[in-house]
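The values are calculated or read from the model by the stated rules, or taken from the named source; none is laboratory data. Worth saying up front: this structure is predicted, and the values here are computed from it rather than measured. Positions of Cβ are backbone-derived with ideal geometry, glycine not excepted, and every protein chain shown enters the neighbour counts. Protein only, heavy atoms only, side chains kept; ligands, DNA and RNA dropped before computing areas. Shrake-Rupley method; radii C 1.70, N 1.55, O 1.52, S 1.80 Å.
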Amino acid sequence: MKVCVFGASGYLGTSVYQLLKDTDDIEVIGTYLKGPIINDELYKLDVNNPESFSDFFKRESPDVVVWSVMSGQNEDKLINEGLLHLITHLTPKTKLIYISTDFVFADGKGPYKEDDPMSKLPDDHLYSNYANAKVKAERLINKELSNYAILRAGPIYGENKIGKLDDRTDKLSYYLRLEKPIAFRDDLIRTFVRIEDLATVIVELVQNDVKGVFHAGPNESQSYYQFMSTMAEQLGYNPHLVEKGSEEEEADFEVPKNTSLKTEKITEITKQEFK
Ligand SMILES: NC(=O)c1ccc[n+]([C@@H]2O[C@H](COP(=O)([O-])OP(=O)(O)OC[C@H]3O[C@@H](n4cnc5c(N)ncnc54)[C@H](OP(=O)(O)O)[C@@H]3O)[C@@H](O)[C@H]2O)c1
(Lines give C-alpha, C1' and ligand atoms only; values in the text may rest on other atoms or scores of the structure.)
Protein backbone atom coordinates (compact mmCIF):
# COMPACT_ATOMS: atom_id res chain seq x y z
CA MET A 1 0.00 0.00 0.00
CA LYS A 2 1.28 3.43 -0.93
CA VAL A 3 0.53 6.34 1.40
CA CYS A 4 1.16 10.03 0.79
CA VAL A 5 1.48 12.41 3.73
CA PHE A 6 0.96 16.01 2.71
CA GLY A 7 2.64 18.22 5.33
CA ALA A 8 5.20 15.58 6.34
CA SER A 9 7.62 18.27 7.55
CA GLY A 10 5.09 19.68 10.05
CA TYR A 11 4.75 18.96 13.75
CA LEU A 12 2.16 16.18 13.36
CA GLY A 13 3.05 15.13 9.81
CA THR A 14 6.61 14.29 10.86
CA SER A 15 5.37 11.72 13.39
CA VAL A 16 2.82 10.24 11.01
CA TYR A 17 5.43 9.95 8.26
CA GLN A 18 7.98 8.27 10.55
CA LEU A 19 5.44 5.82 11.98
CA LEU A 20 4.26 4.85 8.50
CA LYS A 21 7.86 4.35 7.43
CA ASP A 22 8.31 1.87 10.26
CA THR A 23 5.15 -0.05 9.33
CA ASP A 24 5.43 -3.26 7.30
CA ASP A 25 3.89 -3.36 3.85
CA ILE A 26 3.57 0.41 3.60
CA GLU A 27 5.43 2.56 1.14
CA VAL A 28 5.28 6.18 2.24
CA ILE A 29 5.98 9.43 0.46
CA GLY A 30 5.81 12.82 2.14
CA THR A 31 5.76 16.44 1.06
CA TYR A 32 7.01 19.71 2.51
CA LEU A 33 6.83 23.30 1.38
CA LYS A 34 9.51 25.47 2.98
CA GLY A 35 11.10 23.17 5.52
CA PRO A 36 13.61 23.09 7.12
CA ILE A 37 13.53 19.32 6.87
CA ILE A 38 15.76 16.77 8.49
CA ASN A 39 14.50 14.07 6.20
CA ASP A 40 15.81 14.61 2.69
CA GLU A 41 13.45 11.96 1.27
CA LEU A 42 10.59 14.45 1.41
CA TYR A 43 9.31 15.95 -1.81
CA LYS A 44 9.01 19.74 -2.11
CA LEU A 45 5.51 20.64 -3.27
CA ASP A 46 3.17 23.59 -3.02
CA VAL A 47 -0.24 21.95 -2.98
CA ASN A 48 -1.74 25.24 -4.15
CA ASN A 49 0.13 25.02 -7.45
CA PRO A 50 -2.17 23.13 -9.86
CA GLU A 51 0.49 21.92 -12.34
CA SER A 52 3.02 20.63 -9.83
CA PHE A 53 0.24 19.09 -7.73
CA SER A 54 -1.18 17.28 -10.73
CA ASP A 55 2.25 16.03 -11.90
CA PHE A 56 3.08 14.78 -8.42
CA PHE A 57 -0.24 13.08 -7.79
CA LYS A 58 -0.45 11.35 -11.16
CA ARG A 59 3.11 10.10 -10.84
CA GLU A 60 2.79 8.80 -7.26
CA SER A 61 -0.84 7.61 -7.40
CA PRO A 62 -1.21 6.77 -3.68
CA ASP A 63 -3.79 4.40 -2.18
CA VAL A 64 -4.24 6.58 0.91
CA VAL A 65 -3.65 10.29 1.42
CA VAL A 66 -3.08 11.92 4.82
CA TRP A 67 -3.75 15.68 4.79
CA SER A 68 -1.68 17.16 7.63
CA VAL A 69 -1.20 20.54 5.99
CA MET A 70 -1.84 23.79 7.81
CA SER A 71 -1.43 27.36 6.73
CA GLY A 72 -2.94 29.48 9.55
CA GLN A 73 -3.89 32.84 8.07
CA ASN A 74 -3.78 31.35 4.55
CA GLU A 75 -5.87 28.31 5.40
CA ASP A 76 -8.68 29.55 3.15
CA LYS A 77 -6.35 29.52 0.12
CA LEU A 78 -5.19 26.06 1.11
CA ILE A 79 -8.76 24.76 0.97
CA ASN A 80 -9.91 26.69 -2.13
CA GLU A 81 -6.81 25.64 -4.07
CA GLY A 82 -4.79 22.79 -2.51
CA LEU A 83 -7.62 20.68 -1.12
CA LEU A 84 -9.67 21.27 -4.25
CA HIS A 85 -6.79 20.02 -6.43
CA LEU A 86 -6.61 16.92 -4.27
CA ILE A 87 -10.36 16.28 -4.44
CA THR A 88 -10.26 16.65 -8.23
CA HIS A 89 -7.59 13.95 -8.45
CA LEU A 90 -8.96 11.46 -5.93
CA THR A 91 -10.72 8.37 -7.22
CA PRO A 92 -13.18 6.42 -5.02
CA LYS A 93 -10.41 3.83 -4.44
CA THR A 94 -8.14 6.34 -2.70
CA LYS A 95 -8.89 7.01 0.94
CA LEU A 96 -8.43 10.52 2.32
CA ILE A 97 -7.59 11.04 5.98
CA TYR A 98 -8.19 14.70 6.69
CA ILE A 99 -6.91 16.17 9.97
CA SER A 100 -9.40 18.70 11.25
CA THR A 101 -9.85 20.68 14.43
CA ASP A 102 -12.14 21.29 17.41
CA PHE A 103 -12.36 24.88 16.09
CA VAL A 104 -15.10 23.75 13.69
CA PHE A 105 -17.27 24.20 16.78
CA ALA A 106 -16.71 27.92 17.00
CA ASP A 107 -19.75 28.62 19.16
CA GLY A 108 -17.75 27.01 21.98
CA LYS A 109 -20.55 25.25 23.85
CA GLY A 110 -19.01 21.82 24.07
CA PRO A 111 -18.50 19.01 24.70
CA TYR A 112 -19.36 18.05 21.12
CA LYS A 113 -20.28 14.76 19.47
CA GLU A 114 -19.25 14.01 15.89
CA ASP A 115 -22.69 14.76 14.46
CA ASP A 116 -23.25 18.06 16.28
CA PRO A 117 -23.59 20.96 13.82
CA MET A 118 -20.41 22.89 13.04
CA SER A 119 -20.36 26.67 13.48
CA LYS A 120 -18.24 29.48 12.05
CA LEU A 121 -16.56 32.57 13.50
CA PRO A 122 -17.45 36.08 12.30
CA ASP A 123 -15.38 36.97 9.22
CA ASP A 124 -13.42 39.70 11.00
CA HIS A 125 -12.38 37.44 13.88
CA LEU A 126 -8.67 36.80 14.42
CA TYR A 127 -9.07 33.03 13.94
CA SER A 128 -11.80 33.09 11.29
CA ASN A 129 -9.56 32.27 8.34
CA TYR A 130 -8.34 29.04 9.93
CA ALA A 131 -11.52 27.94 11.71
CA ASN A 132 -13.95 28.75 8.89
CA ALA A 133 -11.69 27.19 6.26
CA LYS A 134 -11.70 23.95 8.25
CA VAL A 135 -15.53 23.99 8.32
CA LYS A 136 -15.54 24.60 4.58
CA ALA A 137 -13.06 21.78 4.00
CA GLU A 138 -15.12 19.28 5.97
CA ARG A 139 -18.30 20.23 4.08
CA LEU A 140 -16.50 19.93 0.76
CA ILE A 141 -15.10 16.51 1.60
CA ASN A 142 -18.47 15.30 2.80
CA LYS A 143 -20.16 16.53 -0.38
CA GLU A 144 -17.60 15.35 -2.93
CA LEU A 145 -16.12 12.15 -1.48
CA SER A 146 -17.25 8.91 0.08
CA ASN A 147 -13.93 7.24 0.92
CA TYR A 148 -12.67 9.44 3.73
CA ALA A 149 -12.03 9.76 7.45
CA ILE A 150 -12.08 13.19 9.04
CA LEU A 151 -10.24 13.21 12.33
CA ARG A 152 -10.90 16.22 14.57
CA ALA A 153 -8.40 17.07 17.28
CA GLY A 154 -8.06 19.67 19.99
CA PRO A 155 -4.63 21.06 20.96
CA ILE A 156 -1.92 18.49 20.17
CA TYR A 157 0.94 18.21 22.64
CA GLY A 158 4.17 16.35 23.34
CA GLU A 159 7.39 15.53 21.55
CA ASN A 160 7.05 14.41 17.97
CA LYS A 161 9.19 11.70 16.38
CA ILE A 162 12.12 14.08 15.91
CA GLY A 163 11.90 15.53 19.42
CA LYS A 164 10.07 18.74 18.52
CA LEU A 165 7.66 19.96 21.19
CA ASP A 166 4.36 21.70 20.48
CA ASP A 167 4.70 25.49 20.66
CA ARG A 168 2.62 25.81 23.85
CA THR A 169 4.67 23.35 25.91
CA ASP A 170 7.83 24.82 24.45
CA LYS A 171 6.79 28.28 25.69
CA LEU A 172 5.82 26.86 29.07
CA SER A 173 9.24 25.19 29.48
CA TYR A 174 11.02 28.37 28.43
CA TYR A 175 9.31 30.42 31.14
CA LEU A 176 9.60 27.83 33.89
CA ARG A 177 13.25 27.15 33.19
CA LEU A 178 13.86 30.85 33.86
CA GLU A 179 11.60 30.57 36.93
CA LYS A 180 9.27 33.15 35.43
CA PRO A 181 5.50 32.91 36.01
CA ILE A 182 3.28 32.21 33.02
CA ALA A 183 -0.50 32.56 32.80
CA PHE A 184 -3.10 30.38 31.05
CA ARG A 185 -6.84 30.80 30.97
CA ASP A 186 -9.07 28.67 33.13
CA ASP A 187 -12.23 29.32 31.10
CA LEU A 188 -11.06 27.78 27.80
CA ILE A 189 -11.86 24.08 27.88
CA ARG A 190 -10.23 21.70 25.40
CA THR A 191 -9.56 18.02 24.75
CA PHE A 192 -5.76 17.90 24.68
CA VAL A 193 -4.37 15.02 22.64
CA ARG A 194 -0.91 13.45 22.80
CA ILE A 195 0.87 13.54 19.46
CA GLU A 196 1.95 9.92 19.86
CA ASP A 197 -1.65 8.74 20.30
CA LEU A 198 -2.92 10.85 17.43
CA ALA A 199 -0.20 9.74 15.02
CA THR A 200 -0.76 6.08 15.96
CA VAL A 201 -4.49 6.24 15.39
CA ILE A 202 -3.91 7.91 12.01
CA VAL A 203 -1.73 4.96 11.02
CA GLU A 204 -4.53 2.62 12.11
CA LEU A 205 -7.02 4.56 9.96
CA VAL A 206 -4.61 4.24 7.04
CA GLN A 207 -4.67 0.47 7.39
CA ASN A 208 -8.35 -0.17 8.01
CA ASP A 209 -11.36 0.77 5.90
CA VAL A 210 -13.15 2.78 8.56
CA LYS A 211 -14.84 5.88 7.16
CA GLY A 212 -16.62 8.89 8.65
CA VAL A 213 -15.98 11.70 11.11
CA PHE A 214 -14.16 10.97 14.38
CA HIS A 215 -13.03 12.90 17.42
CA ALA A 216 -9.57 11.99 18.70
CA GLY A 217 -8.38 12.31 22.28
CA PRO A 218 -8.98 11.14 25.84
CA ASN A 219 -12.34 11.21 27.61
CA GLU A 220 -11.46 14.09 29.89
CA SER A 221 -11.29 17.71 28.91
CA GLN A 222 -9.40 20.40 30.81
CA SER A 223 -8.82 24.13 30.86
CA TYR A 224 -5.52 25.46 29.56
CA TYR A 225 -4.67 26.44 33.14
CA GLN A 226 -5.34 22.91 34.49
CA PHE A 227 -3.52 21.25 31.64
CA MET A 228 -0.45 23.47 31.83
CA SER A 229 -0.21 23.19 35.64
CA THR A 230 -0.13 19.40 35.34
CA MET A 231 2.34 19.61 32.47
CA ALA A 232 4.65 21.85 34.53
CA GLU A 233 4.67 19.25 37.29
CA GLN A 234 5.32 16.39 34.86
CA LEU A 235 8.26 18.28 33.38
CA GLY A 236 9.71 18.71 36.87
CA TYR A 237 9.08 22.45 37.20
CA ASN A 238 7.37 24.38 39.95
CA PRO A 239 3.63 24.20 39.03
CA HIS A 240 2.87 27.28 41.16
CA LEU A 241 4.56 29.40 38.51
CA VAL A 242 1.58 28.60 36.29
CA GLU A 243 -1.03 31.24 37.00
CA LYS A 244 -4.62 31.85 35.94
CA GLY A 245 -4.78 34.23 32.98
CA SER A 246 -7.19 37.11 32.61
CA GLU A 247 -10.57 36.19 31.15
CA GLU A 248 -11.30 39.67 29.90
CA GLU A 249 -11.52 39.97 26.12
CA GLU A 250 -13.20 42.03 23.46
CA ALA A 251 -16.58 40.60 22.48
CA ASP A 252 -15.67 40.60 18.76
CA PHE A 253 -12.58 38.50 19.36
CA GLU A 254 -13.91 36.13 21.95
CA VAL A 255 -12.12 32.82 21.83
CA PRO A 256 -14.53 29.84 21.70
CA LYS A 257 -14.87 28.79 25.33
CA ASN A 258 -15.52 25.09 25.33
CA THR A 259 -14.58 23.20 22.16
CA SER A 260 -14.00 19.91 23.96
CA LEU A 261 -14.79 16.72 22.08
CA LYS A 262 -16.65 13.55 22.99
CA THR A 263 -14.31 10.80 21.89
CA GLU A 264 -16.12 7.50 22.58
CA LYS A 265 -16.65 6.72 18.89
CA ILE A 266 -12.96 6.49 17.98
CA THR A 267 -12.18 4.24 20.94
CA GLU A 268 -14.98 1.91 19.84
CA ILE A 269 -13.78 1.54 16.26
CA THR A 270 -9.99 1.51 16.81
CA LYS A 271 -7.55 -0.16 19.22
CA GLN A 272 -6.17 3.19 20.30
CA GLU A 273 -6.16 4.22 23.95
CA PHE A 274 -5.76 7.95 24.52
CA LYS A 275 -3.78 8.95 27.62
N1 LIG B 1 -1.07 21.61 16.19
C2 LIG B 1 -2.26 21.51 16.76
O3 LIG B 1 -2.42 21.72 17.98
C4 LIG B 1 -3.46 21.10 15.94
C5 LIG B 1 -4.71 20.98 16.59
C6 LIG B 1 -5.81 20.53 15.85
C7 LIG B 1 -5.68 20.20 14.51
N8 LIG B 1 -4.45 20.36 13.91
C9 LIG B 1 -4.37 20.00 12.48
O10 LIG B 1 -3.29 19.08 12.32
C11 LIG B 1 -2.70 19.25 11.03
C12 LIG B 1 -1.21 19.41 11.18
O13 LIG B 1 -0.94 20.54 12.01
P14 LIG B 1 0.56 20.86 12.50
O15 LIG B 1 0.45 21.48 13.84
O16 LIG B 1 1.42 19.67 12.29
O17 LIG B 1 0.96 22.02 11.45
P18 LIG B 1 2.42 22.55 11.07
O19 LIG B 1 3.46 22.09 12.02
O20 LIG B 1 2.25 24.03 10.85
O21 LIG B 1 2.70 21.85 9.66
C22 LIG B 1 2.02 22.28 8.52
C23 LIG B 1 2.55 21.52 7.33
O24 LIG B 1 1.88 22.03 6.16
C25 LIG B 1 2.88 22.31 5.16
N26 LIG B 1 2.33 23.33 4.25
C27 LIG B 1 1.83 24.55 4.56
N28 LIG B 1 1.39 25.17 3.44
C29 LIG B 1 1.60 24.31 2.41
C30 LIG B 1 1.38 24.36 1.01
N31 LIG B 1 0.83 25.44 0.41
N32 LIG B 1 1.75 23.28 0.25
C33 LIG B 1 2.31 22.20 0.82
N34 LIG B 1 2.54 22.09 2.14
C35 LIG B 1 2.21 23.14 2.92
C36 LIG B 1 4.08 22.75 5.95
O37 LIG B 1 5.26 22.67 5.16
P38 LIG B 1 6.63 23.47 5.57
O39 LIG B 1 6.69 23.51 7.08
O40 LIG B 1 7.70 22.65 4.96
O41 LIG B 1 6.50 24.84 4.99
C42 LIG B 1 4.06 21.71 7.07
O43 LIG B 1 4.59 20.49 6.61
C44 LIG B 1 -3.41 20.45 10.39
O45 LIG B 1 -4.39 19.98 9.51
C46 LIG B 1 -4.05 21.16 11.56
O47 LIG B 1 -5.20 21.85 11.18
C48 LIG B 1 -3.35 20.79 14.58
Enter the angle in degrees (range 0 to 90, nearest 10) between the Cα long axis of helix 50-60 and the first principal axis of the Cα atoms of the chain, meaning the one along which they spread out most. 70
Per residue accessible area in Å² of the stretch 68-157, where ligands, DNA and RNA are left out and the probe is 1.4 Å: 44
By how many degrees, between 0 and 90 and to the nearest 10, does the Cα long axis of helix 167-177 differ from the longest principal axis of the chain? 40
Along the charge dipole of the stretch 195-249, which of P239, S229, L205 sits closest to the positive end, that is, farthest toward it, with unit charges on the beta carbon of Lys, Arg, Asp and Glu (+1, +1, -1, -1)? L205
If you rank M228, M70, M118, M1 by how much accessible surface each has, with a 1.4 Å probe, what is the order from largest down? M70, M1, M118, M228
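With each run of n ≥ 4 DSSP H residues scored as -39500 (n - 2.57), what mean residue ellipticity at 222 nm is computed for the chain after dividing by its residue count and rounding to the nearest 500 deg cm²/dmol? Don't skip to the answer; put the middle values down first.
Numbers: 8 runs with 86 residues, N = 275.
It comes out at -9500 deg cm²/dmol, rounded to the nearest 500.
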Using a 7 Å offset from Cα along Cα-Cβ at K271, what residues in the stretch 195-221 end up with backbone N under 16 Å from the label point? 197-210
Surrounding net charge for V69, when Lys and Arg each add one and Asp and Glu each subtract one, Cβ distance under 14 Å: 0
Nearest 0.05, what FRET efficiency do D116 and S146 give at R0 = 22 Å with Cβ-Cβ as r? 0.50
Listed highest first by mean packing, meaning other Cβ atoms within 10 Å per residue, what order do 126-132, 59-65 come in? 126-132, 59-65
Taking the Cα atoms only, what angle lies between the long axis of helix 11-21 and the longest principal axis of the chain, rounded to 10 degrees? 50
Stretch Y174-K44 to full length: gain in nm at 0.36 nm per residue minus the Cα-Cα span? 43.6 nm
Sorted by average packing, counted as other Cβ atoms within 10 angstrom per residue and highest first, what order do 149-158, 208-217 take? 149-158, 208-217
Mean separation of Cα contacts under 8 Å, 6 or more apart, over the residue count of the chain: relative contact order %: 20
Alpha-carbon centroids, the stretch 4-70 and the stretch 124-196: separation in whole Å: 20
Can you run phi through the Karplus equation (6.51, -1.76, 1.60; θ = phi - 60°) for the stretch 24-39 and list ³J(HN,Hα) in whole Hz, with x for Gly and Pro? 4, 6, 10, 9, 10, 10, x, 10, 9, 10, 10, x, x, 10, 9, 10
For N219, the net charge from surrounding residues (Cβ-Cβ under 10 Å; K, R +1; D, E -1) works out to -1
Compute the relative contact order of the stretch 102-210 as a whole-number percentage, counting only Cα pairs closer than 8 Å that sit 6 or more residues apart in sequence. 21
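Leaving out ligands, DNA and RNA, what percent of the accessible area of the stretch 34-178 is carbon and sulfur, probe 1.4 Å?
50
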